[in-house]
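Undergrad: Can you keep this structure in mind? I'll have questions shortly.
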Amino acid sequence: MVKIRLARVGSKKNPIYRVVVADSRSPRDGRNIETIGRYNPQFDPSIVEVDLDRAHHWIDNGAQPSSAVTKLIKIVEARG
C-alpha cells in the first residue's frame with residue numbers, strides 16, 4: 001500500500017518535514033517514491049508547500065494520505 005506522509009529531515013530540536021509518497025512498509029525517514037512538498041512549522045506562519053497536482057494524482061491512484069498530510073493539503077487548497 002502506498003501512503004502520502006511526512007518524513008523528518010531536520011536536525012535535533014529543529015523539525016523540518018518533507019511530504020513524501022512512500023510504501024507503507026518503509027521506515028518514516030527511509031526510501032520514498034517521490035517528494036511532493038515540504039513543511040516547516042518553525043516560522044510564523046508555517047511554510048507549507050505541496051504540489052497539489054501530484055498529490056491528487058497519487059490519491060486518485062490509491063495512495064492514502066496521513067491525517068497530517070490531509071490537513072496540509074487543505075491548507076494549501078484554501079490559500080488558492
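The numbers here are math on the coordinates, done by the rules we state, and not lab data. Just so we're clear, the structure is a prediction, and the values are computed from it rather than from any experiment.
Undergrad: Principal axes first, then extents: for the Cα atoms of the chain, list largest minus smallest coordinate on each axis, whole Å, largest first.
TA: Per principal axis, max minus min of the Cα coordinates gives 34, 31, 17 Å.
Undergrad: Would you mind telling me the antiparallel percentage of the DSSP bridges in region 2-79, rounded to 5? Intermediate results must be reported in sequence, preceding the final value.
TA: Values: 16 of 18 bridges.
Once the DSSP bridges in region 2-79 are tallied, antiparallel ones form about 90 percent.
Undergrad: Under the rule of at least 5 residues apart or a separate chain, name every residue whose amide H is placed under 5 Å from the amide H of GLU34.
TA: VAL21
Undergrad: Per the helix-only calculation at 222 nm, which mean residue ellipticity applies to the chain, given -39500 (n - 2.57) for every DSSP H run of n ≥ 4 and division by its residues, nearest 500 deg cm²/dmol? Don't jump to the answer; show the numbers that get you there.
TA: Numbers: 2 runs with 22 residues, N = 80.
The helix contribution divided over the chain gives -8500 deg cm²/dmol.
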